[in-house]
């Protein structure tokens, strides 16, 4: 399940639980594209709140979307206790101009404060 919310006009957040599959990524991409129609650059907050299964094609699709739209992300906060998800965030940051930071679930409030900073 994918829940989205907004911290500010230029920040979109996602809480992801259950299955991370192509349907999840399609919704994720649709929401981001809608925000990019309004703003040239946005901040992105992604939190793993209990993802049970991952589809490799979905992960690749999500990473490729971020790389393709690299110039449109200002900050990206990744909140998860899974080190491999943090590694994916670090790999994507190599191909983007965004400021990407990884946080653990315990650091959730720190991540929210950081993404909300101007």
### Message
Can you tell me the length gained on complete extension of the stretch residue 69 to residue 39, counting 0.36 nm per residue apart and subtracting the Cα distance?
### Response
9.5 nm
#### Entry: Relative contact order (%) - the chain, alpha-carbon pairs under 8 angstrom, separation at least six
25
### Message
Given R₀ = 25 Å, what would the calculated FRET efficiency be for residue 55 paired with residue 108, taking r from the Cβ atoms and rounding to 0.05?
### Response
0.50
### DSSP bridge pairs, the range 2-116: antiparallel proportion in percent, nearest 5
25
### Task
Report the semi-axes of the equivalent ellipsoid for the chain in whole Å, largest first, where each axis is √(5λ) for an eigenvalue λ of the Cα gyration tensor.
19, 17, 14
## Note on the structure
If the label point sits 7 Å along Cα→Cβ of residue 10, residues of the range 69-102 with amide N under 17 Å come out as 70-77, 97-101
## Note on the structure
Over the chain, the sum of -39500 (n - 2.57) across DSSP H runs of at least four, divided by residue number and rounded to 500 deg cm²/dmol, gives at 222 nm -13500 deg cm²/dmol
### Task
Using a/c under 1.5 as the rounded threshold, could you call the range 8-53 rounded, prolate or oblate? The axes a ≥ b ≥ c are square roots of the C-alpha gyration tensor eigenvalues, and prolate needs a/b larger than b/c, oblate otherwise.
oblate
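Readers should treat all values here as calculations from the given coordinates under stated rules, not as data from a laboratory. The model shown is predicted, which means the values in this text are computed figures rather than measured ones. Backbone-built Cβ (ideal geometry, glycine too); neighbour counts: all protein chains shown.
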